[in-house]
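Colleague: Please read through the structure below; I'll follow up with questions.
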Amino acid sequence: PVSGVSLAAQPPGGQVVEGDRLVLGCSVAAGTGPLSFSWHRQGSAAPLATGPRYELRATQHQDGGRYHCTATNGGTAADSPPLWVTVLGEQDPPASGATH
């Protein structure tokens, strides 16, 4: 079985300025056999991508939200904890509550 699925973001914390690149990486602490990964965003039914890396070359405001990855080997699947991705507008100071 797969266990210890974790998700890392670059930039750290998943805070990215609109138009910048966001890279998410998925890793497992334990799991044997061929691993496959899929990427999911809350509210989207179909997987966004497969593979251990997910890259958004130029983030848009609507790319923000809750992401997680799922690792599968054969019959068992495990989800990573969710990561909140925040896309800041170029004019927004970080962590402001301002809406456009």
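Colleague: Modelled label-to-label distance, Arg66 and Val23, 7 Å Cα→beta-carbon offset: nm?
Modeller: Simple spin-label model gives 2.7 nm for this pair.
Colleague: Obtain the nm distance between the two label points defined at Leu35 and Thr76 by a simple spin-label model: each point lies 7 Å from its Cα along the Cα-to-C-beta direction.
Modeller: About 1.3 nm, to one decimal.
Colleague: Please list Arg21, Arg57 in order of solvent-accessible area, largest first, computed with a 1.4 Å probe with all protein chains present.
Modeller: Ranking Arg21, Arg57 by accessible area, largest first, yields Arg57, Arg21.
Colleague: Calculate, for the range 3-88, the solvent-accessible area per residue in square angstrom, rolling a 1.4 angstrom probe over the heavy atoms of the protein chains.
Modeller: Counting only protein heavy atoms, the per-residue value for the range 3-88 is 53 Å².
Colleague: Could you tell me which label, among [x] 46, 34, 19; [y] 61, 31, 19; [z] 47, 24, 21, carries the value of Cα extents along the principal axes in Å calculated for this structure?
Modeller: Identified label for the calculated read-out: [z].
Colleague: While we're looking at this one, here's another question. Measure off, as a whole percent, the carbon and sulfur share of the 1.4 Å-probe accessible area of the chain, all protein chains present.
Modeller: Answer for the chain is 53 percent, counting heavy atoms of protein chains only.
Colleague: Output the relative contact order of the range 3-88, whole-number percent, from Cα pairs under 8 angstrom with separation of 6+ residues.
Modeller: 37
Colleague: With labels modelled as points extended 7 Å from the Cα through the Cβ direction, what inter-label distance (nm, one decimal) is found for Leu48 paired with Gln15?
Modeller: 1.9
The values are calculated or read from the model by the stated rules, or taken from the named source; none is laboratory data. Remember, predicted model here, so these are calculated numbers, not experimental data. Quick reminder, even Gly has a Cβ in these numbers, built from the backbone with ideal geometry, and neighbours come from all protein chains shown. For accessibility, only protein heavy atoms count, side chains too; no ligands or nucleic acids. Shrake-Rupley method; radii C 1.70, N 1.55, O 1.52, S 1.80 Å.
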